[in-house]
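Everything on this sheet refers to the single structure shown next.
Laboratory data are not the source of any read-out in this text; all were calculated from the coordinates shown. These numbers were taken from a predicted model, which means no experiment stands behind them. Neighbour counts run over all protein chains shown; Cβ positions are idealised from the backbone, glycine included.
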Amino acid sequence: MVTFRKAEETDIPKIQELARETWELCYKTILTPAQIEYMLEMMYSQAVIDREMGSGVIWELVELNNEAVGFVSFAKSGDETKLNKLYLKPALQGKGVGNRSLMHVVDCARSNGSEKVYLTVNKHNATAIKAYERAGFVRTDSKVFDIGNGYVMDDYIYTFKI
C-alpha cells in the first residue's frame, strides 16, 4: 500500500539518499556527472531542504509498506501548485507508484484551491514524460533555466488542469 507522510527535518538524510540513488540512474545519460553533483548539492543540501520546509514547501515521503521509496515536493502559489520534485526508487518505475504519487499531489492541490498543477521536466527524460502524459498532464511550454556554474535546465512545462 502506497502512503504519503510529511517529511520532517530528521528525514532529510533519507531524502538525500533517495535523490542520489534516483538521479544517478535517471540522469546518467542526460547530464554530466559534474552537473548531477552540482544540482544535487543545489537542490538537496540540508540547508536548502530546511529552508523550503520552513517556507511552506511541502515535502513528503512516499512509502510502500512503511518503507520510504521516494519523495514529492510541491508548493502552492496563487491559484496553482507547482510539483517541484517527484522521485521514486528505480525498481518501482512502471508499477503505478508514480501515478499514485502524481494523483496525490493533484488531490492536495484540489484541496488547497488550486486550479492547476504544473511541473518542469528535462526534455530528454522520456520515461518521466511518458508517465506525466499517461497521468493526464499536457505539455504547455518549454523553457531554458540558467542554474549557475555554466549549467542550464532545458525543460518542458507540463500542466494538469483541475
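For the stretch 122-135, name all the residues that are in contact with a Lys or Arg (Cβ under 9 Å, 6 or more places away or on another chain) and either of a type outside the set (D, E, K, R) or surrounded by 17 or more Cβ atoms within 10 Å (Cβ to Cβ) (or both).
First pass over the stretch 122-135, keeping only residues in contact with a Lys or Arg (Cβ under 9 Å, 6 or more places away or on another chain): 129, 132-133.
Passing the criteria: Ile129, Tyr132.
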Quick check on this structure: which one of Leu61, Leu31, Leu86 is surrounded by 13 or more Cβ atoms within 10 Å (Cβ to Cβ), among the aliphatic types (A, V, I, L, M) and more than 16 Å from the chain's Cα centre (by Cα)?
Leu31
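So which residues in the stretch 115-136 are more than 14 Å from the chain's Cα centre (by Cα) and without any contact (Cβ under 8 Å) to a residue 60 or more places away in the chain? Even if it seems obvious, please write down each step before you answer.
So the first thing to find is which residues in the stretch 115-136 are more than 14 Å from the chain's Cα centre (by Cα), and the list is 115-116, 123-124, 126, 130, 133-136.
Within the stretch 115-136, Glu115, Lys116, Lys123, Ala126, Lys130, Glu133, Arg134, Ala135, Gly136 meet the criteria.
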Counting only residues that are free of Cβ contacts under 8 Å to residues at least 40 places away in the same chain and touching a Leu at 6+ places or on another chain (Cβ under 8 Å), which one in the stretch 74-83 is farthest from Ser114 (Cα to Cα)?
Leu83
Tell me which residues, restricted to the stretch 93-114, are aliphatic (A, V, I, L, M) and either crowded, with 17+ Cβ neighbours inside 10 Å or touching a residue at least 60 places away in the same chain (Cβ under 8 Å) (or both).
Val97, Leu102, Val105, Val106, Ala109
I need the full set of residues from the stretch 24-51 which are part of a helix (DSSP H, G or I), touching a residue at least 24 places away in the same chain (Cβ under 8 Å) and either among the β-branched types (Val, Ile, Thr) or touching a strand residue (DSSP E or B) at 6+ places or on another chain (Cβ under 8 Å) (or both), in order please.
Cys26, Gln35, Tyr38, Met39, Met42, Met43, Ile49
